[in-house]
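First the structure, in the form of structure tokens, and then the observations on it.
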Amino acid sequence: MTTFTSPHGADRATADPPPKWSAEFAPIWTCGGSTYATSVDFMISVREIGEGETALGAAAMLGLRPRWKTADAVANLIDTRLRPAGYRLVGAFESAGEPAVAVVGFRESWSASWGHNVYVDDLFTVPDARGSGHADRLMRWVKDEAHRLGCEVVHLDSGVNLDRAPAHRLYMRHRMAITAHHFSVEV
């Protein structure tokens, strides 16, 4: 029998894990001495994807970066070009052994303008897994890692197309401010 406690004070004993709850009523439950923030978090694993297992996050990355055409090309880019420059990849997994349903790619850096920072290059959730809080979990993971590294700030750039509005709402929920315009020119 498992006991879980909601933040609203209701204790309940059950032989089964609690049902999926809304964000407004996210239970905290304990199983085997570990406490989980929500029943959904119990099933989700967020972890760094190391070199040699990049393929687990490559399909999700391809959704954000289709210019690379195949998941193999994305994995090769990450392992041969980005990782040597300090890039790290973290994934949200719904099932062990399955590909990540959401990924965040970032790097720790120093700059004259931002000081010691984490820069998020990539953040994407596959369409079928959107609305389940995966990007929120990844943003929390990155902010915790930035804190652990002693960084002052987390930065990211985001496109401004209308289809980016849900991403912008995510960033605002995480108290990110719009602090600059990003300019580019093809050469």
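So that you can scan it fast, the table gives a plain yes or no per residue for (1) farther than 22 Å from Leu56 by Cβ; (2) in the same structural domain as Arg83 (by TED's automatic domain parsing); (3) in a helix (DSSP H, G or I); (4) without any contact (Cβ under 8 Å) to a residue 12 or more places away in the chain:
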{"position": "Ala100", "(1), (2), (3), (4)": "no, yes, no, no"}
{"position": "Ser113", "(1), (2), (3), (4)": "yes, yes, no, yes"}
{"position": "Asp128", "(1), (2), (3), (4)": "no, yes, yes, no"}
{"position": "Leu138", "(1), (2), (3), (4)": "no, yes, yes, no"}
{"position": "Glu145", "(1), (2), (3), (4)": "no, yes, yes, no"}
Every residue in the stretch 64-107 that is of a type in the set (Gly, Ala, Ser) and at pLDDT 95 or above, please.
Ala71, Ala73, Ala75, Ala85, Gly86, Gly91, Ala92, Ala100, Ala102, Gly105
Name the residues in the stretch 153-185 that are under 20 Å from Arg137 (Cα atoms) and assigned to a loop (DSSP other than H, G, I, E, B), would you?
Asp157, Ser158, His174, Arg175, Met176, Ala177
Subset of the stretch 47-98, residues assigned to a strand (DSSP E or B) and buried (at least 19 other Cβ atoms within 10 Å of the Cβ), comes to Ile49, Arg88, Leu89, Val90, Gly91, Ala92, Phe93
Spot the failing condition for Glu145; the list is (1) farther than 15 Å from Val90 by Cβ; (2) buried (at least 18 other Cβ atoms within 10 Å of the Cβ), and only one is missed.
(1)
What are the pairs with Cβ atoms under 8 angstrom where one residue, in the stretch 76-96, is within 15 Å of Asp121 (Cβ to Cβ) and the other, located anywhere, is in a strand (DSSP E or B) and among the hydroxyl-bearing types (Ser, Thr, Tyr)? Sequence gap at least six, or different chains.
Gly86/Ser109
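The values are calculated or read from the model by the stated rules, or taken from the named source; none is laboratory data. All figures in this text were calculated on a predicted structure; none of them were measured in a lab. Reconstructed Cβ throughout: ideal geometry from the backbone, glycine too, with neighbour counts over all protein chains shown.
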